[in-house]
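Novice: Please see the structure below; I have some questions.
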Amino acid sequence: MKAVLGIALGVLTAIGGFLDIGDLVTNAVVGARFGLSLTWVVVVGVIGICVFAQMSGRVAAVSGRATFEIIRERLGPRLALANLGASFLINLLTLAAEIGGVAISMQLLTGAERLLWAPLAAIAVWLVVWAVKFSVMENVTGLLGLTLVVFVVAVVLLKPDWSMLATETVPTVPKGETGGTYWYYAIALFGAALTPYEVFFFSSGAVEEHWSSKDLAQSRANVLIGFPLGGVLSVAIAAGAAIVLLPKTIDVTSLSQAVLPVSTAGGTIAVAVLLVGFVAATFGAALETTLSSGYTLAQFMGWSWGKFRRPAEASRFHITMILALLFGLGVLATGVDPVQLTEFSVVFSAIALPLTYLPVLIVANDPEYMGDKVNGRLTNAVGMVYLVIILVASVAAIPLMIVTGAGQ
Amino acid sequence: MLRVSQGRAVLLLRRVLLTVASAATVAVLAACSSGASSTLAQSVGQAVSAAQTARTALEQQEDGRLTTGVASTGFADMLTEAEDAESAALGAAPATAEERRTRSSVVAALHATTLAIADAQDAAARAPGSPAPRSALHRLARVLHRLTPLQHRLGSGR
């Protein structure tokens, strides 16, 4: 019974913690412009994150060591540095976007200016990272994030023509859009679903919670049930935007616009529930990206790391996180729009993805670390298909960004 | 299948790095500029979106479906959006007399949009039951009536 409850809690937190500012913004933008014609990318992205997270979770659980430690040992410091550079920079960009997301969510909740909320959000993130137990932190934000199910409820309450909605999922470039923008946003959606920090957080979390080979079933359940259900929330965001915003030719450029489908369907109560979800999703992701900054650098450098250690025993790990938070605040202090920052960060995530994905794929196939728990044939076949998709997305992202003026 | 030696893994990752770096370099070198018509079309599209958002938000606030925080944030965001569209249109450099005429009418319509959204923002802040929101909604409708033909004429600019 305890095991079942543990799996249920893990799955629920995986669903609630699936969405971050990147998913909230990108799905709303895409739904308002392309309807549901890019739903297939969410499906491809969700399968990809399942493959990626399942491999890195298994590496951590079987070896008892975090991904970056093994990558450095297995591939050598020079190539691991390339991996670290890409991951760390994207992580910093994402962290800034997430803190901006918390600030916007608080502005939506209170009406007070977002720039006032940003430093408070960063301090709150630091306090939680410093003082709150890993499992408490993960479960509270994940469970509160479940309130984003209101997006699904809103779509049902909007009473769409379901058969027409289903036909809209056929991949086509809508009228008024170009093939370039369609593929640019396909890459953005893919990058939003496959953000590297999620994987590093997931695998480092496995070490934080002292997972072993015995916990592989729970890890699999969290990933294979939780993430696809989280993907349903992504599709619901796009569907709401396609039903309410697309007919009015509203292009989503701010998070306040993403609220309108929910307010149309469910009024102020639904909006209040949604805003709790926004705060939980962005704050949870801010915690994860902050921790991921510490994890990646500390694991690469061989420093003592982890929330399971007292801060004094992992001082460099904690200092890295404080510096990352200050960097995020510095980026936001320039006045950059967090939504635009998010749009760029998801595309850059896609660009950097091969550098984070390939090493994990190699390590997951190494019997020296994995013993008999190396990738099976099916995982490897899917893993190789995704390696190709990730490479194509990575190579095409910057040319498409320039040709389309970042999706204009 | 993927049991590769450290040397091969290094080579593989180096190739990935090279490919990504080459694509990035080529793309960064490929300069991209858009003409005045495209800028104007995008500005009009931006203004339509901002005006429609403000109208929807004001209607929903009047119906008691939107919280004050979301409404005030939405109006502030849309005002910035309309101002950005206006600045972009003012910055467009028309090459022909026809483009100059188009720019004048676009800039005038965008300025009217900015004022209409500011009006909606003020109206939303007034006490419930005030006639201001109804008047602001009419003004937004008039602005949209003015922007729509321009949008049809200029296209999406995408």
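Values quoted throughout were computed directly from the atomic coordinates according to the rules given, and no laboratory measurement underlies them. From a predicted model like this one, the values you see are computed outputs, not experimental measurements. Note that we place each Cβ from the backbone using ideal geometry, even for glycine, and neighbour counts take in every protein chain shown.
Novice: What value does segment A:352-408 have for Rg/Rh, both radii from Cα atoms and Rh as Kirkwood defines it? Mind dumping the intermediate values first?
Specialist: Values: Rg = 15.3 Å, Rh = 12.9 Å.
Radius of gyration relative to Kirkwood radius: 1.18.
Novice: Test of understanding: in a Gaussian network model of chain A with alpha carbons linked when under 10 Å, which of A:L358, A:L245, A:L165 would top the mean-square fluctuation ranking?
Specialist: Result for chain A, Cα springs under 10 Å: A:L165 fluctuates most.
Novice: Same structure, new question: Let me see the pair-distance distribution of segment A:1-152: every alpha carbon pair, 10 Å bin width, integer percents in order.
Specialist: With a bin width of 10 Å, the distribution comes to 9, 25, 38, 23, 4, 0.
Novice: Follow-up question, since we're still on this one. Average partner chain C-beta neighbours within 10 Å, per residue of A:262-268? Let's see the in-between values first.
Specialist: Working: counts 3, 11, 6, 1, 1, 6, 9.
Counting other chains' Cβ atoms within 10 Å and averaging over A:262-268 gives 5.
Novice: Per residue Cα convex hull volume for segment A:255-340, in cubic angstrom?
Specialist: Working: hull volume 10.6 nm³, N = 86.
Cα-based convex hull of segment A:255-340, divided per residue, equals 123 Å³.
Novice: Only loop residues by DSSP count here, and only those with at most 14 other Cβ atoms within 10 Å; note down the chymotrypsin sites (Phe, Trp or Tyr not before Pro) in segment A:269-331 that meet that. The partial results should precede the final answer.
Specialist: Working: sites: A:F278, A:F283, A:Y295, A:F300, A:W303, A:W305, A:F308, A:F317, A:F327; in loops: A:W303, A:W305, A:F308.
When the chymotrypsin sites (Phe, Trp or Tyr not before Pro) of segment A:269-331 are filtered for loop state and at most 14 Cβ neighbours within 10 Å, A:F308 remain.
Novice: Now for a different question. What order do you get for B:49-61, A:362-374 when each peptide is scored by the mean count of other beta carbon atoms within 10 Å, highest first?
Specialist: Numbers: B:49-61: 25.4, A:362-374: 17.2.
Ranked by mean Cβ neighbours within 10 Å, highest first: B:49-61, A:362-374.
Novice: Return the loop-located chymotrypsin sites (Phe, Trp or Tyr not before Pro) in segment A:167-218 (DSSP other than H, G, I, E, B) with at most 10 other Cβ atoms within 10 Å of their own Cβ; answer none if there are none.
Specialist: Working: sites: A:Y182, A:W183, A:Y184, A:Y185, A:F190, A:Y197, A:F200, A:F201, A:F202, A:W211; in loops: A:W211.
Within segment A:167-218, no chymotrypsin sites (Phe, Trp or Tyr not before Pro) qualify (loop, at most 10 other Cβ atoms within 10 Å).
Novice: Only loop residues by DSSP count here, and only those with at most 10 other Cβ atoms within 10 Å; note down the trypsin sites (Lys or Arg not before Pro) in segment A:170-223 that meet that.
Specialist: Details: sites: A:K175, A:K214, A:R220; in loops: A:K175.
Taking segment A:170-223 and a limit of 10 other Cβ atoms within 10 Å, the loop trypsin sites (Lys or Arg not before Pro) found are A:K175.
Novice: State, in angstrom, two size descriptors of segment A:241-394 derived from its alpha carbons: Rg to one decimal place and Dmax to the nearest whole number.
Specialist: Just the Cα atoms of segment A:241-394 yield Rg and Dmax of 20.6, 58 Å.
Novice: Further question: Of A:F201, A:S163, A:V150, which is farthest along the charge dipole of segment A:142-210 in the positive direction, counting Lys and Arg as +1 and Asp and Glu as -1 at C-beta?
Specialist: About the Cα centre, the residue reaching furthest to the positive side is A:S163.
Novice: Moving on. Please compute the average number of Cβ atoms from other chains found within 10 Å of each residue's Cβ in peptide B:46-53. Mind dumping the intermediate values first?
Specialist: Working: counts 3, 0, 4, 9, 5, 3, 8, 10.
Whole-number average of other-chain Cβ neighbours for B:46-53 is 5.
Novice: Here's another thing I want to ask about it. When all alpha-carbon pairs of segment A:318-385 are counted, what percent fall beyond 15 Å?
Specialist: Details: 1598 of 2278 pairs.
Value for segment A:318-385 (Cα pairs over 15 Å): 70 percent.
Novice: While we're on this one: Among B:V107, A:V207, what is the fewest-to-most ranking by other Cβ atoms within 10 Å? Show your work: numbers first, answer last.
Specialist: Values: B:V107 17, A:V207 21.
Going from least to most buried by this count: B:V107, A:V207.
Novice: Next up: I'd like the distance separating the alpha-carbon centroids of segment A:4-27 and segment A:370-393, in whole Å.
Specialist: First find each Cα centre; the distance between them is then 24 Å.
Novice: Largest first and in whole Å, give the semi-axes of segment A:238-286's equivalent ellipsoid, each being the square root of 5 times a Cα gyration tensor eigenvalue. Can you show the working numbers first?
Specialist: Values: eigenvalues 82, 38, 12 Å².
Those come to 20, 14, 8 Å.
Novice: What residue among A:V129, A:F52, A:A397 has its Cα farthest toward the positive end of the dipole of the protein assembly as shown, where the charges are +1 on Lys, Arg and -1 on Asp, Glu, each on the Cβ?
Specialist: A:F52
Novice: Can you give the translational diffusion coefficient of the protein assembly as shown in µm²/s, computed by Stokes-Einstein from the Kirkwood radius over Cα pairs at 4 °C and 1.567 mPa s? Numbers along the way, then the final one.
Specialist: Values: Rh = 24.3 Å.
Estimated via Stokes-Einstein, D reaches 53 µm²/s.
Novice: Okay, moving on. Relative to 2.2 N^0.38 Å, what does the C-alpha radius of gyration of segment A:172-290 come to as a ratio? Two decimals please. Spell out each step's value before the answer.
Specialist: On the way: Rg = 17.7 Å, N = 119, 2.2 N^0.38 = 13.5 Å.
Dividing the Cα radius of gyration by 2.2 N^0.38 Å gives 1.31.
Novice: Using a 10 Å cut-off on Cβ to Cβ distances, tally the other chain neighbours for every residue of B:71-79 and report the average as a whole number.
Specialist: Numbers: counts 6, 6, 14, 8, 1, 6, 10, 5, 0.
Counting other chains' Cβ atoms within 10 Å and averaging over B:71-79 gives 6.
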